[in-house]
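**Q** First, the structure itself, so that you have it in front of you.
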Amino acid sequence: MKNKISGIVLASVFVLTACKTVKTTEVSKGNIKEAVNSSDVTLVDVRIPEQYAEGTAKNAINIPLAEIQNHIETLKGKKVVVFCNKGMQADQALEILKKNGVEVYDGTTWKNVKAIQEEKSADQK
């Protein structure tokens, strides 16, 4: 009986502390387009400076993922779109910023954000 209870407790602890595999911050395509094209948005490329220098979205600032925690206070009160190369670092930055009360959107990749910007430019012509 003792082993059974220990097993249940251990299983419960594992379930409660396991990493989340489901994204809880889904943003619809319409919302991300609206956020990217908003005049008051801050676009944040979370890649390393060398990657940022090779190309990024228009008006994006570079705050590498490793430094995002140090910039929370400057990002609070702003609408922020985070992005990177493949979306994995952006997901991590998104979680950190959300947990700290920042209004943040997942732009996924810099190429995605740039394409949204270019689409708006084409629509305005």
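**Q** Quick one: in region 45-86, which of the residues that are of a type in the set (Gly, Ala, Ser) and buried (at least 17 other Cβ atoms within 10 Å of the Cβ) is farthest from Ser121 (Cα to Cα)?
**A** Ala60
**Q** Right, here's the next one. If I filter region 59-101 down to residues being among the acidic types (Asp, Glu) and within 8 Å of the chain's Cα centre (by Cα), which single residue comes out as farthest from Pro49 (Cα to Cα)?
**A** Glu95
**Q** Taking the residues in region 97-108 that are touching a residue at least 12 places away in the same chain (Cβ under 8 Å) and surrounded by fewer than 18 Cβ atoms within 10 Å (Cβ to Cβ) as candidates, determine which candidate is farthest from Ile32 (Cα to Cα).
**A** Just the residues of region 97-108 that are touching a residue at least 12 places away in the same chain (Cβ under 8 Å), to begin with: 97-98, 100-108.
Subset that is surrounded by fewer than 18 Cβ atoms within 10 Å (Cβ to Cβ): 98, 100-101, 103.
Details: Lys98: 16, Asn100: 20, Gly101: 18, Glu103: 12 Å.
Once the filter is applied, the top-ranked residue is Asn100.
**Q** Regarding Val81, is this residue under 19 Å from Ala57 (Cα atoms) and modelled with pLDDT of 95 or more?
**A** When the stated conditions are applied, Val81 passes them.
**Q** Mind listing whichever residues of region 32-44 are of a type in the set (S, T, N, Q) and loosely packed, with under 12 Cβ neighbours inside 10 Å?
**A** Ser39 - this is the single residue of region 32-44 that is of a type in the set (S, T, N, Q) and loosely packed, with under 12 Cβ neighbours inside 10 Å.
**Q** Out of everything in region 3-30 that is among the polar types (S, T, N, Q) and part of a loop (DSSP other than H, G, I, E, B), what residue ends up being modelled with the highest pLDDT?
**A** Residues of region 3-30 among the polar types (S, T, N, Q): 3, 6, 12, 17, 21, 24-25, 28.
Add one more test, that the residue is part of a loop (DSSP other than H, G, I, E, B), and what stays is 21, 24-25, 28.
On the way: Thr21: 32, Thr24: 35, Thr25: 40, Ser28: 46.
Applying the filter and picking the extreme gives Ser28.
The values are calculated or read from the model by the stated rules, or taken from the named source; none is laboratory data. Quick caveat, the model's predicted, so the values are computed rather than measured. Positions of Cβ are backbone-derived with ideal geometry, glycine not excepted, and every protein chain shown enters the neighbour counts.
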